[in-house]
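Below is one structure, written out as structure tokens; the observations come after it.
The values are calculated or read from the model by the stated rules, or taken from the named source; none is laboratory data. Computed from a predicted structure; not experimentally measured. Here the Cβ positions follow ideal geometry from the backbone for every residue, glycine too, while neighbour counts run over all protein chains shown. Keep in mind that these areas ignore ligands, DNA and RNA; they rest on the heavy atoms of the full protein, side chains included. Shrake-Rupley method; radii C 1.70, N 1.55, O 1.52, S 1.80 Å.
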Amino acid sequence: SRFLERYPETFIARRLYVAWLNHLGANQQWDLFDRFYTAKEATDSHQCYSMERRLAQTDKTTPIYSQFSIFWLKPYSLPRECDRLLSQWQQAGYLNSDLAWQRFQASFAANNLSLARFLIRHLEGEHQVLADQLLNISRDSAIWLARLQQDTIGLNSAVLNRLLRQLS
């Protein structure tokens, strides 16, 4: 605490702050966590711990789970520190195909195909069919683009131009 107050703008202080809040959140030491947590400097992990702390202190879970639903839509994997909250949120029934479809689209657009593939398990019906098709097109496009970059493929420029238009 004294070190953070004495050297607030240093690289070491920032690393200490992040590690300290992660430790407090992991051990659910909410009083100390509240003392040091600031939303302005919060990492994704800290935001999850903050929502988890609020859940532990209230019976009104809907606003917190709704906030996490928006937070969950990020096009990248959440840190493992969010796993407890994620599990509670899923058990409360907030994860559905429509929400998973929104995150799939964001992940796909950000070219995070490993997350997009993971999310397929949470999709249903048309969402699942379309997601499979998009991932197959993406995979096939990557194969064709790699082949097109090789000089030995032997296609004339008209064929190459048509393929490139179709792939883009």
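Annotations
- Segment 1-145 - percent of accessible surface contributed by carbon and sulfur, probe 1.4 Å: 52
- Ordered from largest to smallest accessible area (heavy atoms of protein chains, 1.4 Å probe), the residues Asp31, Asp98 come out as Asp31, Asp98.
- Cα shape, segment 27-91, gyration tensor, a/c 1.5 rule: oblate
- At R0 = 30 Å, FRET efficiency that the Cβ-Cβ distance of Ala109 and Phe3 yields, to 0.05: 0.10
- Residues Leu130, Leu78 ordered from highest to lowest accessible area at a 1.4 Å probe: Leu130, Leu78.
- Cα-projected label distance for Leu32 with Asp83, points at 7 Å along beta-carbon direction, nm: 2.2
- Ranked from largest to smallest solvent-accessible area, with a 1.4 Å probe on the protein heavy atoms, Lys60, Lys74, Lys40 come out as Lys40, Lys60, Lys74.
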